[in-house]
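First the structure, in the form of structure tokens, and then the observations on it.
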Amino acid sequence: MAGPMVIAVDAMGGDAAPDAVVRGALQASTRTNARILLVGNEKRLHRCLAFEKHSPAVDVLHAPDTVDMGDLGPLALRKKKLSSLYVAMDQLQRGAADAVVSAGNSAAIVATASHHLGLIPGLKRPALGVLLPSFGPDLLLADAGAHSESGSIHLAQTVFLAVSFLKHACGRPHPSIGILNIGHEPTKGPRTIQGAMKLLAETSTPAVRYVEPHTLFHGTVDGVVCDGFVGNALLKLLEGVSDAARQCMEAYGDGILEPSSNREASSLEPWLHRLAFKELGAAPLLGVRKTVLIAHGRSRAREIANAILEAESYVRQELSPRMAKDEELLENLAAVRSHYTRWMLAGLKGPWRFSTKKPESDKGGQP
């Protein structure tokens, strides 16, 4: 890498922007050698910086417009080319920055990153990956909100993105992956999920099985795949559980967890601690050609600082280039697309069915 690393930060993205973003960038600047480029309205950013002592490694790049949290992603991409998000992503595309961090509109970030940076060859959509505390090693959740709806091909390809990420970022050469479902039986779940499993059965992927929500944190899989709506809802539920656990521990102390010789109970205590006090950062957008991290819209200064440091770590690992050159990933993405195309062509000749029988719900009726 020639010259110092540069992390471009969308300073106008997020519920507490730009104040919290600026403070987070300043906190991160004391813990990294990378240069931090705050992209946004320069008057507002300099006003924030005027009240804080800061390193010369923190720079400002003017961008007069802002992507609002309610903007549609593709519309923001087309109409707001002077926004802080667009300008930051343009810096990354041109090589003036090495990573982008934003706590702004997720749909706009995904659309802008896909447009500026391009996707790994053969990939239909990127996915947002979040590492969650588990009873074993951290559990990867993908997609955690890049796209609210997914087809069979998107779920199947996300499985291979998850495998590649866990291999290159977490050092797990043979990770196990599950697809989130309401049951483990092959007849359970909507046709989209069943179709994904059929696509995966026609590739060289290791066995992928259904995983039920109540077993997610037992450490039986390294990663779990679902559509972005379910993944984002699950993530927000866990945030609520985390907040509740933190409040209980702060109010009652560690005595709230009674010591027990029971194996399940004894393993629960450290997991609750990790869930309650896990330092939040951001989630990488898997499948784009360069490093993009999406932070929670409610991120405060500490979370923004952590996100910047995580971005630095992923750049130093060369995660995105390594995934883009992962031959196994490329072969499997191409195989899924090929099988899916054949299915679609076959469907033009008659009704396309994944099974001859509609799946039943746990209540015995139609889903």
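The table for this structure:
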| item | result |
| --- | --- |
| Unmet requirement for Thr112, which otherwise passes all of (1) within 27 Å of Arg289 (Cβ to Cβ); (2) touching an Asp or Glu at 6+ places or on another chain (Cβ under 8 Å); (3) crowded, with 21+ Cβ neighbours inside 10 Å; (4) β-branched (Val, Ile, Thr) | (2) |
| Hits in the stretch 34-45 - residues which are loosely packed, with under 13 Cβ neighbours inside 10 Å and touching a residue at least 12 places away in the same chain (Cβ under 8 Å) | none |
| Hits in the stretch 28-53 (condition: farther than 19 Å from Ala88 by Cβ and not acidic (Asp, Glu)) | Thr30, Arg31, Asn33, Arg47, Ala50, Phe51, Lys53 |
| Selected residue [among the polar types (S, T, N, Q) and open to solvent by less than 30 Å² (accessible area, probe 1.4 Å)] from Thr220, Thr205, Thr192, Thr187 | Thr205 |
| Residue that is surrounded by the fewest Cβ atoms within 10 Å (Cβ to Cβ), among those in the stretch 223-250 that are at pLDDT 90 or above and β-branched (Val, Ile, Thr) | Val230 |
| Residue check, Arg31 under 16 Å from Ile304 (Cβ atoms), open to solvent by 80 Å² or more (accessible area, probe 1.4 Å), in a loop (DSSP other than H, G, I, E, B) and in contact (Cβ under 8 Å) with a residue 40 or more places away in the chain | yes |
| Residue in the stretch 329-337 that is open to solvent by 60 Å² or more (accessible area, probe 1.4 Å) and assigned to a helix (DSSP H, G or I) present | yes |
| Residue list for the stretch 80-109, restricted to those being assigned to a helix (DSSP H, G or I), of a type in the set (Val, Ile, Thr) and under 19 Å from Leu286 (Cβ atoms) | Ile109 |
| Residues (within 17 Å of Ala88 (Cβ to Cβ) and of a type in the set (Ser, Thr, Tyr)) located in the stretch 54-76 | Thr66 |
| Qualifying positions in the stretch 51-75 - part of a helix (DSSP H, G or I) and either modelled with pLDDT of 95 or more or open to solvent by less than 10 Å² (accessible area, probe 1.4 Å) (or both) | Gly73 |
| Pairs where the first residue, in the stretch 77-96, is touching a residue at least 40 places away in the same chain (Cβ under 8 Å) and within 25 Å of Ser320 (Cα to Cα) and the second is of a type in the set (Lys, Arg) and assigned to a loop (DSSP other than H, G, I, E, B), C-beta under 9 Å, 6+ apart | Val87/Lys81; Leu92/Lys290; Gln93/Lys290 |
| Hits in the stretch 1-28 (condition: among the charged types (D, E, K, R) and surrounded by fewer than 19 Cβ atoms within 10 Å (Cβ to Cβ)) | Asp15, Asp19 |
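Residues are listed down the side, and each one gets a yes or a no for (1) of a type in the set (D, E, K, R); (2) within 17 Å of the chain's Cα centre (by Cα):
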{"site": "Arg125", "(1), (2)": "yes, yes"}
{"site": "Leu141", "(1), (2)": "no, yes"}
{"site": "Gly151", "(1), (2)": "no, no"}
{"site": "Thr158", "(1), (2)": "no, yes"}
{"site": "Ile179", "(1), (2)": "no, yes"}
{"site": "His184", "(1), (2)": "no, no"}
{"site": "Leu200", "(1), (2)": "no, no"}
{"site": "Ala207", "(1), (2)": "no, no"}
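The values are calculated or read from the model by the stated rules, or taken from the named source; none is laboratory data. All values reported here derive from a predicted model rather than from experimental measurement. Positions of Cβ are generated from backbone atoms using ideal geometry, with glycine treated the same way; all protein chains shown enter the neighbour counts. Quick note on the areas: whole protein, heavy atoms, side chains included, nothing else; ligands and nucleic acids left out. Shrake-Rupley method; radii C 1.70, N 1.55, O 1.52, S 1.80 Å.
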